Amino acid sequence: MSTGGIIRNGRKNTIRFGEVESMSGAHYRLVIGNKNTSSWSLRPWLLMRRLAIEFDEIRINLRDPEYAEQIKAHSPAGKVPVLWAGDLMVWDSLAILEYLADKHPDLGIWPSDMTARAIARCISAEMHSGFQPLREACPMSILSTSRHQDEFPDPVAANIRRVVAIWMETRKRFGKSGRFLFSKFSAADAMYAPVASRLKTYVPELAAYGDDGTAKAYIDTLFGMPEMTEWANGAQAEMSLT
Ligand SMILES: N[C@@H](CCC(=O)N[C@@H](CS)C(=O)NCC(=O)O)C(=O)O
């Protein structure tokens with residue numbers, strides 16, 4: 001593993017895996033995988049960038065044959081993402097979002113209304129523990145736009161219909177005063193951003209899965225975020241390295 005140096009405040013053209021990209025004075029360190037494909041990594045990264053929570057970024061190349069050893073240097077769980085807050089290690093994307101919500105109650109990481117918050121947690125947990133057929137059939141590849149498929153096996157199609165229904169229902173019920181699921185960007189949007197990427201890459205026509213235009217517009221909202229562009233640019237920069 002390249003232990004590398006520290007890149008200060010870097011949004012550099014040249015990037016390396018295994019290096020620490022540092023924001024001066026950042027309290028957190030976020031260990032992530034490849035930006036093109038590491039869907040779990042995108043969730044906390046997007047939330048932290050969007051809400052301007054500063055962090056040092058450590059990238060592990062999951063295509064390196066020795067990646068498992070490299071992750072183990074950061075987490076015995078052997079998975080990314082991992083958040084280091086001082087000497088506290090928080091592994092697992094959803095646990096990281098919950099920890100950040102505890103640490104930064106002023107940032108509105110979950111919706112402030114208790115009913116909305118309960119639903120936000122339900123749909124986030126449903127994403128976190130479900131949609132395996134969709135995840136297996138349509139791995140995230142944020143830079144790919146031409147993998148459209150006209151048909152999917154039934155379990156995958158059922159997942160797509162369920163995601164569309166969740167987005168439509170949530171937007172209609174809680175999203176009237178903004179463009180995100182609960183109007184304002186929240187942890188639920190962070191959890192679904194990689195799902196949006198999958199649908200964008202693989203599903204040409206969401207109307208076939210019940211969309212009345214809400215799901216399509218929501219994907220556009222997520223991909224219109226400058227932070228998503230920053231992530232995709234990072235993915236592009238990594239491609240030359242892998
Ligand atoms: N439930 C975990 C899943 C994490 C996960 O599967 N991460 C993948 C990368 S996206 C990983 O580390 N894969 C390496 C491996 O399984 O060896 C979370 O939410 O953080």
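Every number here is computed from the coordinates shown, using simple stated rules; none is lab data. Owing to the predicted nature of the structure, the values given are computational and were not obtained by experimental measurement. Reconstructed Cβ throughout: ideal geometry from the backbone, glycine too, with neighbour counts over all protein chains shown.
Go through Thr115, Leu42, His74 and say which Cα lies farthest out towards the positive end of the charge dipole of the chain; charges sit on Cβ, +1 for Lys and Arg, -1 for Asp and Glu.
Going by the charge dipole, the pick is Thr115.
In debye, nearest 20, what is the charge dipole magnitude of the chain about its Cα centre with +1 on Lys and Arg Cβ and -1 on Asp and Glu Cβ, if you could check? Write out the running numbers ahead of the final one.
Working: 29 positive and 28 negative charges, 80 e Å.
In debye, rounded to 20, the chain gives about 380.
Cα-Cα over 20 Å: which of Lys176/Lys216; Lys184/Lys216; Lys35/Lys200; Lys35/Lys176? List each step's numbers first, then the result.
Details: Lys176/Lys216 16 Å; Lys184/Lys216 18 Å; Lys35/Lys200 16 Å; Lys35/Lys176 31 Å.
Table pairs above 20 Å Cα-Cα are Lys35/Lys176.
With θ set to phi - 60° and the Karplus curve 6.51 cos²θ - 1.76 cosθ + 1.60, what are the ³J(HN,Hα) couplings of the range 65-80 in order, to the nearest whole Hz, using x for Gly and Pro?
Once θ is set to phi - 60°, the couplings for the range 65-80 become x, 9, 4, 4, 4, 5, 5, 4, 5, 10, 8, x, 6, x, 10, 10 Hz.
Using only the alpha carbon atoms of the chain, find the Kirkwood hydrodynamic radius as the inverse mean reciprocal pair distance, in angstroms to one decimal.
Details: mean 1/r = 0.0544 Å⁻¹.
It works out to 18.4 Å.
Which residues in the range 205-242 place their backbone N less than 18 Å from a point set 7 Å from the Cα of Leu143 along the Cα-to-Cβ direction?
228-242
So what's the back-of-envelope 222 nm ellipticity for the chain, counting only DSSP H runs of four-plus at -39500 (n - 2.57) apiece and dividing by all residues, rounded to 500? Could you put the intermediate results ahead of the total?
Values: 9 runs with 112 residues, N = 242.
Rounded to the nearest 500, the figure is -14500 deg cm²/dmol.
Å³ per residue of the Cα convex hull, for the range 129-242? Don't jump to the answer; show the numbers that get you there.
Working: hull volume 12.2 nm³, N = 114.
Dividing the Cα hull volume of the range 129-242 by its residues yields 107 Å³.
Neighbouring Cβ atoms within 10 Å as the yardstick, rank Trp45, Trp84 fewest first. Before the final figure, lay out each step's value.
Values: Trp45 25, Trp84 19.
Sorted ascending by nearby Cβ count, the order is Trp84, Trp45.
Putting +1 on Lys and Arg Cβ atoms and -1 on Asp and Glu Cβ atoms, find which of Ala215, Phe180, Val195 reaches farthest to the positive end of the dipole of the range 150-229.
Checking the options against the dipole of the range 150-229, the answer is Phe180.
With 10 angstrom as the radius, rank Phe180, Phe185 by how many other C-beta atoms surround their C-beta, starting from the fewest.
Least crowded to most crowded, the residues run Phe180, Phe185.
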